[in-house]
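The structure appears below as structure tokens.
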């Protein structure tokens with residue numbers, strides 16, 4: 001279970017690096033034309049995805065999924081021939097690389113084109129190629145991991161307090177929740 005959670009976390013983190021805040025729903029962004037088919041825009045968008053490491057997602061996720069899935073398969077079927085694990089690894093790697101390598105990249109380019117002009121994409125490339133941008137890319141997995149741990153610890157400390165307050169308020173009004 002932890003390996004699957006880690007794989008999902010890695011995917012979200014990597015995607016987070018490649019999707020700047022302006023594209024997050026609810027945050028303001030300019031209404032832009034959908035121009036992802038323009039060759040120069042598409043090339044620059046792919047370059048941005050490469051700089052941020054997003055194009056390596058399929059390979060990284062494939063490794064995580066393979067480790068988790070093969071570990072579970074081995075634990076539940078200890079007598080399975082080693083070739084079984086090789087086939088599983090080949091299939092997962094191939095399917096993820098093919099699906100994410102083409103389909104997801106195209107979807108991400110389309111998303112970017114709805115939220116960022118070509119000048120915006122060029123600006124993001126300039127940022128991520130700068131020393132601060134490179135530092136952001138390399139530090140973000142650690143920052144996200146530490147943030148996730150801090151959030152979990154905060155929730156563990158705070159949720160009981162919130163539950164007690166809700167119960168107190170409901171009881172004060174003669175309401176109960178089962």
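One residue is enough: does region 150-173 have a residue meeting the conditions free of Cβ contacts under 8 Å to residues at least 40 places away in the same chain, out of contact with any strand residue (DSSP E or B) (no Cβ under 8 Å at 6 or more places or on another chain), within 30 Å of residue 112 (Cα to Cα) and in a helix (DSSP H, G or I)? So far as region 150-173 goes, yes, one or more of its residues are free of Cβ contacts under 8 Å to residues at least 40 places away in the same chain, out of contact with any strand residue (DSSP E or B) (no Cβ under 8 Å at 6 or more places or on another chain), within 30 Å of residue 112 (Cα to Cα) and in a helix (DSSP H, G or I). Taking the listed residues 43, 62, 71, the one that is under 14 Å from the mean Cα position of the chain (by Cα), modelled with pLDDT of 50 or more and not assigned by TED's automatic domain parsing to the domain that holds residue 145 is 62, with no other qualifying.
Among 85, 127, which is without any contact (Cβ under 8 Å) to a residue 12 or more places away in the chain, part of a helix (DSSP H, G or I) and in contact with a helix residue (DSSP H, G or I) (Cβ under 7 Å, 6 or more places away or on another chain)? Reasoning before the result, please.
Values: 85 fails: without any contact (Cβ under 8 Å) to a residue 12 or more places away in the chain.
It is 127.
The values are calculated or read from the model by the stated rules, or taken from the named source; none is laboratory data. Since we're looking at a predicted model, the values are computed, not measured. Heads up, the Cβs are rebuilt from the backbone with ideal geometry, glycines too, and the neighbour counts pull from every protein chain shown.
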